[in-house]
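The values are calculated or read from the model by the stated rules, or taken from the named source; none is laboratory data. No experiment lies behind these values; they were computed from the predicted model shown. Note that each Cβ is placed from the backbone with ideal geometry, even for glycine, and that neighbours are counted across all protein chains shown. Quick note on the areas: whole protein, heavy atoms, side chains included, nothing else; ligands and nucleic acids left out. Shrake-Rupley method; radii C 1.70, N 1.55, O 1.52, S 1.80 Å.
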Amino acid sequence: MPPLLLSQSEKHAIHQLLERFFPNLTLDNYEIWSECTDEYNCIAYAGNMGCKKPWWPADPRYSARDYYWPECMPFVDSVENFIRAFQLFGYETCSGPEYEDGFEKVAIYEDQTTKETRHMARQLSNGIWTSKLGDWWDIQHQTLEAVESSHYGVVVQIMKRPRKGLE
Amino acid sequence: MSARYKLTKSPEGILTAKEAWLDELEKPEKVEREREKEIQEYTRRLAELSARRLAEIAALKAQARRLGEHAMRLQEAQEEVERQAKEASRVIEEQFVSLAQQWRMETGFHSSPSAKFLHPAYLEIIGMGKSVIPFLLGEVKKLSGNWFLALRAITRQDPVAPEDAESVRTMAEAWLRWGKNNGYEV
């Protein structure tokens, strides 16, 4: 699938908006790959198992069934909880983000102040990273640092699993 | 043929015999007088009736005029109510669009529900109450799941059955069915 077809002015406006929230993107040769949608979010996109609804350990008292989260997993935003949930999907923790042939990697971003998970990114088979920015666009970025920010925090954990055919 | 007589008695008891044919001579005049009297009486009653009818017609006309004026005032009042309702709806829509735009700009990059839904603009939209339901359903129709929480908070209902919860699309369809069943045109 090619990048989203945008006019120069549309592309410029979107880049301006994104770089306001994610200043590191100015240093990254990133591209926009989808329209905005809230049918899925960064976690569902990183999980890469079909995106029919967003994933999050959302408090069921408020969010009812709006979010998917594996049954029997607690509803807390900690990185440990995200690690355990992704272990259910075949991921294991690993040391670094470098591309490894035959493996699909995901990165977990944590807000260093609240210690809450804020974002996840997934590595494509060409070594580039892809992120769904909340309800906004999917982007492809060269480095994990590109979306590190006061909003997403920093990468604190990498996980990997054997790559399947689906990208 | 013998002459026929008619006997009449005066108040003083004097009996007078008069040949009957004399009465026949007096009769046309009497009949004429009586007819004239009847005509006068009829004319008088007709005039009275006519006057009464005219008065009734005038009263009815006045009543019709008053009813017409009342109907016009009611129509004007109804038009004013409709105008005010449209104006109120327009103001609510503007307010919703503005708050939703602010909310999207300030939280659109978040995936965490607490970061998204505890934003003041989202809470303010919930605070707008039932008047904002048509606009929320309009967003749901565009397959946005972000407004399910606001709809549940405002309506205190959740029409999404467990079997409808597999995707944003099926949840949106459940809310749109709820909207249709509750008189919302989306």
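Here are the numbers:
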read-out: Qualifying residue in region B:145-156 (condition: closer than 28 Å to A:MET120 by Cβ, free of Cβ contacts under 8 Å to residues at least 24 places away in the same chain and not in a helix (DSSP H, G or I)); value: no
read-out: Search result, residues across region A:43-78 that are open to solvent by less than 10 Å² (accessible area, probe 1.4 Å) and in contact (Cβ under 8 Å) with a residue 40 or more places away in the chain; value: A:ILE43, A:ALA44, A:ALA46, A:GLY47
read-out: Conditions (1) in contact (Cβ under 8 Å) with a residue 40 or more places away in the chain; (2) within 14 Å of chain B (Cβ to nearest Cβ); (3) not small (Gly, Ala, Ser): number failed by A:ILE83; value: (2)
read-out: Identity of the residue in region B:117-141, modelled with pLDDT of 95 or more and assigned to a loop (DSSP other than H, G, I, E, B), that ends up nearest to the other protein chains (Cβ to nearest Cβ); value: B:HIS119
read-out: Any chance B:LYS6 is open to solvent by less than 100 Å² (accessible area, probe 1.4 Å), touching an Asp or Glu at 6+ places or on another chain (Cβ under 8 Å) and not β-branched (Val, Ile, Thr); value: yes
read-out: Every residue from region A:21-80 that is closer than 22 Å to A:LYS115 by Cβ, facing chain B (nearest Cβ under 9 Å) and out of contact with any His (no Cβ under 8 Å at 6 or more places or on another chain); value: A:ASN41, A:ILE43, A:PRO54, A:TRP55, A:TRP56, A:ALA58, A:ASP59, A:TYR62, A:SER63, A:TYR67, A:ASP77
read-out: Number of positions in region B:143-179 that are within 11 Å of another protein chain (Cβ to nearest Cβ) and among the β-branched types (Val, Ile, Thr); value: 3
read-out: Residue check for A:ARG118: closer than 30 Å to B:ILE154 by Cα and under 16 Å from the mean Cα position of the chain (by Cα); value: yes
read-out: Criterion (within 14 Å of chain B (Cβ to nearest Cβ), hydroxyl-bearing (Ser, Thr, Tyr) and surrounded by fewer than 22 Cβ atoms within 10 Å (Cβ to Cβ)) met by exactly one of A:SER125, A:SER149, A:SER95; value: A:SER149
read-out: Subset of region B:131-172 (residues that are among the charged types (D, E, K, R) and in contact with a helix residue (DSSP H, G or I) (Cβ under 7 Å, 6 or more places away or on another chain)); value: B:GLU139, B:LYS141, B:ASP158, B:ASP164
read-out: Region B:150-178, residues that are under 18 Å from B:GLY129 (Cβ atoms) and not charged (D, E, K, R); value: B:ALA150, B:LEU151, B:ALA153, B:ILE154, B:THR155, B:GLN157, B:TRP175, B:TRP178
read-out: Residue in region A:156-167 that is modelled with the lowest pLDDT, counting only those that are open to solvent by 40 Å² or more (accessible area, probe 1.4 Å) and among the hydrophobic types (A, V, I, L, M, F, W, C); value: A:LEU166
read-out: Checklist (1) farther than 21 Å from A:ASP135 by Cβ; (2) within 14 Å of chain A (Cβ to nearest Cβ); (3) of a type outside the set (Gly, Ala, Ser) applied to B:GLU94, failing item; value: (2)
read-out: Which listed residue, of A:GLU116, A:GLU100, is within 14 Å of chain B (Cβ to nearest Cβ), open to solvent by 10 Å² or more (accessible area, probe 1.4 Å) and either at negative phi or polar (S, T, N, Q) (or both); value: A:GLU116
